[in-house]
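Taken together, the values in this text are just the output of simple stated rules run on the coordinates, not laboratory data. Bear in mind the structure is a predicted one, so any value in this text is a computation, not a measurement. Cβ: placed from backbone, ideal geometry, glycine included. Neighbour counts: every protein chain shown.
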Amino acid sequence: MNHIVSVNNVSKNYNLGQVVVPALRGVTLDVAEGEFLAIAGPSGSGKTTLLNLVGCVDTPSAGTVTVDGKQTGLLSERNLTRLRLNTIGFIFQSFNLVSVLSVLQNVELPLLLQRTLNARERRERVLALLDRVGIREYSKHRPSELSGGQRQRVAIARALVTRPKLVLADEPTANLDSVTGTNILNLMKELNQSEKTTFIFSTHDARVWAYASAVVRLADGQIQDRVSAEEAVRAGGLPAGRPA
Amino acid sequence: MRGYLDTLKVIAQIALRNLFASRLKTLIVGGIILFGSLLVVVGTALVDSVDASMSRSVIGSVAGHIQVYSAKSKDELTVMGGMAMESPDLTPIDDFAALRRTLLAVPNVKAVVPMGLSAATVIAGNTVDVVLERLRALARRKLAGEDVQAAYESEKDHVRQIITVLSGEVDNIRKIQSEKAIAQDDLDAVAKAVSPELWAGFDRDPYPALEFLENRIAPLASDADMLFLRYLGTDTDAFAKSFDRMKIVDGQAIPRGERGFLFSKWVYEQQVKLKTALRLDKISDGINKRSQTIARSEELQRWIKQNTTEVKEIMLQLDGQKTASFRRLLQGELGSQQSDVAKLLAEFFRVDDANFARRYRFFYDQLAPMLELYRVRIGDMLTIKSFTKSGYVQSVKLHVYGTFAFQGLEDSHIAGELNLMDMVSFRELYGFLTPERAREVREIKTMAGMKEVARDQAEAELFGKPDLGGAASGGSARPVDEAEAALRSLAGRQQRAARASQSYDPAQLEQGDVLNAAVIVKDPRRISQTIKDIEAAGAKAGIPLRAITWQKASGLVGQFVTMIRAVLYISVLIIFAVALVIINNALVMATLERMPEIGTLRAVGAQRRFLLGMLLVEALAVGVLFGSLGALLGAGIVGVIHAVGIPAANEILYFLFSGPRLHPSLSPANVIISLAIVLVVSAISSIYPGLLAMRVSPRQAMQSDD
């Protein structure tokens with residue numbers, strides 16, 4: 001099986017003034033193409049750090065991270081950015097849409113940065129995708145005119161518009177009510193199945209695990225275990241003996 | 001390419017929408033830029049126009065494009081606007097012909113005008129002296145038996161009239177000031193002049209009385225003002241040709257080959273004209289040209305007051321007949337029964353806004369024809385006495401041919417204080433030997449048997465060789481007699497020369513000394529190169545020269561524009577420094593506020609230069625939009641000012657504006673400079689925020705509480 005992401009014995013330290021804070025300690029993780037992987041863990045367990053490393057917005061202090069066959073620690077800032085643009089889609093907890101651009105323009109933005117499609121092709125692809133996530137009629141609206149769920153749909157469309165191999169979602173449902181959250185997860189799962197896009201998302205929401213193909217449980221910067229969704233739901237999501 | 005354009009479109013869209021989203025900040029930043037570019041456009045347009053008009057004034061009047069003088073000179077040359085009364089100490093260049101040849105060989109030089117600047121005090125027109133002289137002449141003719149009785153009586157009347165005026169004056173001063181304000185001697189003199197005894201025997205033997213009056217009374221009439229005249233000696237023909245702004249106002253130009261003097265019209269009006277008339281003219285100008293009113297202007301009121309108190313100047317000019325005419329005219333005009341003409345005049349000059357125009361006309365139509373309005377008339381001979389460089393007094397009597405002015409600068413004292421004189425007379429006054437003088441001196445020397453003797457042989461030459469004995473003393477008498485005869489004949493010749501030598505050979509203009517020379521160039525844009533060429537050519541020809549631009553030659557005045565330009569540039573610099581800081585701050589704030597958004601863009605795949613471009617476009621958009629608005633507004637303002645004109649409120653402005661109003665015009669350069677500055681400032685001010693934005697990590701997008 002091909003691994004779209006390989007994390008090998010990775011540590012990540014942050015310097016807070018004089019104090020070195022270890023965020024990840026010797027993490028090893030392989031993610032196969034087409035997975036819908038959840039990373040679970042309490043606050044401070046290193047979920048976001050792991051996502052940052054996989055998402056090429058950060059490089060490890062030790063160990064290697066390989067994304068789509070490229071070892072990120074060896075890439076220049078420019079090439080990391082290019083890798084993000086072409087291979088990875090991002091979905092953020094607080095949606096992070098560009099407030100001054102319309103829905104259509106927000107989704108189009110990565111295509112503009114790629115500069116591979118012409119205006120008509122871009123428009124077609126964006127509108128098809130907006131159709132797919134169910135907010136085509138809002139294409140001319142500004143993000144501020146949309147509800148949270150609608151905004152996250154825009155964000156999902158933006159993450160998918162370049163047809164990336166990998167989509168990273170950082171707590172995608174944390175700012176949504178449960179019904180909307182469920183809808184968003186359904187949408188992501190659908191896309192995962194129809195487009196064969198790999199999804200990795202961090203969450204500490206137990207309901208979300210049910211959708212995952214596997215759940216990686218993190219605590220104190222280390223992987224506790226990697227379990228199936230059923231096991232994770234049964235176990236209450238959190239590694240044994242470490243209540244949230 | 002298309003992709004780039006589309007990206008740029010997005011950048012522009014994000015940037016513009018960001019600007020719109022923070023409207024207030026954009027407006028504040030834009031307002032500063034707008035004001036800055038407006039200032040640049042209006043300021044540079046004004047300064048450029050002043051520069052242009054002033055250079056027209058300076059170049060076209062006296063300075064020419066370049067002034068050349070000897071490099072050995074102690075002082076620096078200034079041809080106008082010098083504050084010092086003394087002319088600069090320049091070392092003469094003794095061969096103008098050679099200088100001219102050298103200069104004309106320099107490529108860009110079109111014409112060379114010889115010059116010399118100096119000043120002299122001239123005593124002009126004591127009314128009493130003039131009248132007494134006339135009376136003396138008439139008395140002589142009467143005693144010789146000619147029939148001049150009527151003229152004689154009238155002149156005698158005039159003298160007695162003058163004495164009455166002076167005596168009244170003396171009484172007044174004693175009353176107003178103190179008993180001791182007038183010396184006892186003078187009091188006695190006036191008392192004697194009024195006394196019947198003096199006049200009783202006058203007809204029989206006028207000479208003692210005349211002598212008394214000339215010596216004791218004439219000096220009391222203080223209207224014999226000294227004229228301080230600055231004059232420029234030049235080849236008047238070449239001057240008129242090279243300085244096209246010069247025009248003759250009264251009389252005529254000095255004919256070629258004639259000695260002569262041209263008053264500057266300004267000097268002629270301000271210094272030579274009857275003060276009362278000058279003040280009336282000034283009041284008229286104030287009312288008609290500067291829209292002043294007598295009721296409001298203290299200046300006009302002061303002149304009116306001076307006119308009412310200083311009627312003596314006119315009174316001294318009136319003989320019996322004129323006094324009667326004045327009385328009749330003024331009584332009629334004023335509807336008064338007053339018989340004292342002095343009081344009538346005072347009453348007449350007490351004008352207000354309602355009657356000024358009528359009285360002004362009446363003065364010039366009715367009264368002025370009976371007065372000498374100018375102490376020196378066109379056609380008079382003017383005796384100019386000057387100290388030469390070596391300290392002895394040299395005097396030249398010159399025909400006053402007329403007055404001149406520089407077009408557009410008629411009312412400017414800076415351009416108007418120089419009078420003109422032919423170069424030959426100038427050299428004489430300055431103490432240079434003219435060829436005739438040099439020849440005369442040689443003749444005297446030979447006739448007197450003078451020869452140059454070495455010091456060690458002086459004794460032998462004076463006393464002869466010892467063995468010749470007494471023969472030497474007998475022989476020495478003859479040369480002395482001849483020397484005296486020669487001197488006598490020389491004196492006679494010089495007197496005759498003074499009368500007859502109003503002409504000279506025009507070739508003399510070429511030979512001999514000049515102090516400086518004006519150079520007119522063909523291409524004014526190459527002045528600095530030409531200056532270098534001139535100095536090099538001078539050094540090569542053995543005439544060490546210093547060449548300076550017209551700006552430098554015009555002294556303080558020339559530097560004035562440089563000064564305002566500096567002030568303008570400094571204020572522009574300050575404004576844009578402030579603008580830079582404010583734009584920078586605004587963009588930094590915007591960047592900090594948008595950290596998550598910028599992080600998101602980075603995470604999504606925007607390269608750093610995309611963000612830099614975004615901020616640059618934001619800054620440039622504000623700059624271009626408001627900068628253009630400012631430039632447009634500035635252009636509009638310049639347009640309005642051009643149509644209306646800025647009035648020259650004072651003389652210096654009059655000179656700078658080269659006329660009564662400045663009509664500034666806009667050149668494309670003004671607008672281009674302004675926009676260029678705005679763009680550069682905008683670009684610079686987005687550098688730091690751009691760096692900040694580039695340093696924003698894509699991690700900023702991840703906001704979970706991890």
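Some observations on this one:
- Modelled label reach - residue B:343, point 7 Å along Cα→Cβ, segment B:276-306 residues with backbone N closer than 13 Å: none
- Dipole orientation for the protein assembly as shown: of the candidates B:611, B:320, A:150, A:150 has the Cα lying most toward the positive pole (charges on Cβ; Lys, Arg +1; Asp, Glu -1).
- On the beta carbon distance between residue B:140 and residue B:355, with R0 = 51 Å, the FRET formula returns roughly 0.65.
- Förster-model FRET efficiency, 22 Å R0, residue B:368 and residue B:306, C-beta, rounded to 0.05: 0.75
- Calculated log₁₀ intensity ratio I(q)/I(0) where the Debye formula runs over C-alpha points of segment B:244-354, q = 0.14, 0.16 Å⁻¹: -0.74, -0.87
- Each helix, a run of at least 4 DSSP H residues, gives -39500 (n - 2.57); summed and divided by the residues of the protein assembly as shown, these come to -16500 deg cm²/dmol at 222 nm.
- Efficiency of FRET from Cβ geometry, residue B:567 and residue B:285, R₀ 41 Å, rounded to 0.05: 0.85
- Couplings 3J(HN,Hα) of segment B:92-102, computed from phi: x, 9, 8, 10, 5, 4, 5, 4, 4, 4, 4 Hz, in residue order, whole Hz [Karplus 6.51 cos²θ - 1.76 cosθ + 1.60, θ = phi - 60°; x for Gly and Pro].
- In terms of surrounding Cβ atoms within a 10 Å radius of their Cβ, B:651, B:211 rank from fewest to most as B:211, B:651.
- Projected onto planes of every orientation and averaged, the convex hull of the alpha-carbon atoms in segment B:127-220 covers 5.8 nm².
- When the charge dipole of segment A:3-234 is built from unit charges on Cβ atoms (+1 for Lys and Arg, -1 for Asp and Glu) and taken about the Cα centre, the candidate among A:219, A:104, A:180 whose Cα reaches farthest toward its positive end is A:104.
- Net charge dipole size for segment B:1-160 [Lys, Arg +1 and Asp, Glu -1 on Cβ; Debye, nearest 20]: 960 debye
- Residue mean of other protein chain beta carbons inside 10 Å, A:73-81: 2
- In terms of its alpha-carbon gyration tensor, segment B:201-287 comes out oblate; a/c meets the 1.5 threshold, while b/c is at least as large as a/b.
- For the pair residue B:173 and residue B:442, the difference between a 0.36 nm per residue extended length and the Cα-Cα distance amounts to 91.2 nm.
- Equivalent ellipsoid dimensions for chain B as semi-axes, Å, which come from the Cα gyration tensor, largest first: 71, 41, 20
- Per-residue packing, averaged as other Cβ atoms within 10 Å, sorts the ranges A:123-136, B:578-591, B:263-276 into the order B:263-276, B:578-591, A:123-136, beginning with the highest.
- For segment B:556-706, the direction-averaged projected area of the alpha-carbon convex hull comes to 11.6 nm².
- Computed label-point distance, nm, for sites residue A:2 and residue B:249 using a 7 Å Cα→Cβ extension: 9.9 nm
- D by Stokes-Einstein for the protein assembly as shown, Kirkwood Rh over Cα pairs, 37 °C, 0.692 mPa s: 86 µm²/s.
- Orientation-averaged projection of segment A:3-234 equals 12.7 nm² [convex hull of Cα atoms, one quarter of hull surface area].
- Under 5 Å, built H, 5+ apart or other chain: amide partners of residue B:662: B:646, B:648
- In a simple Cβ point-charge model (Lys, Arg +1; Asp, Glu -1; nothing else charged), chain B has a dipole of about 2620 debye relative to its Cα centre.
- Entries in B:241/B:522; B:312/B:397; B:275/B:397; B:273/B:312 that, when Cα-Cα distance is taken, lie over 18 Å: B:312/B:397; B:275/B:397
- Cross-link partners of residue B:282 among aspartates and glutamates (Cα-Cα below 12 Å; sequence separation of 8 or more within a chain): B:269, B:299, B:411
- Potential extension, residue A:177-residue A:16 segment - 0.36 nm per residue separation minus Cα distance: 54.5 nm
- Expressed in Å, the radius of gyration and Dmax of the Cα atoms of segment A:73-151 are 13.8, 43.
- Across the options A:56, B:54, B:295, the greatest Cα extent toward the positive end of the charge dipole of the protein assembly as shown (unit charges at beta carbon of Lys, Arg, Asp, Glu) belongs to A:56.
- Highest-first arrangement of B:283-291, B:556-564, B:234-242, where packing means the average Cβ count within 10 Å: B:234-242, B:556-564, B:283-291
- Per-peptide packing, taken as the mean over residues of other Cβ atoms within 10 Å, places A:146-153, A:224-231 in the sequence A:146-153, A:224-231 from highest down.
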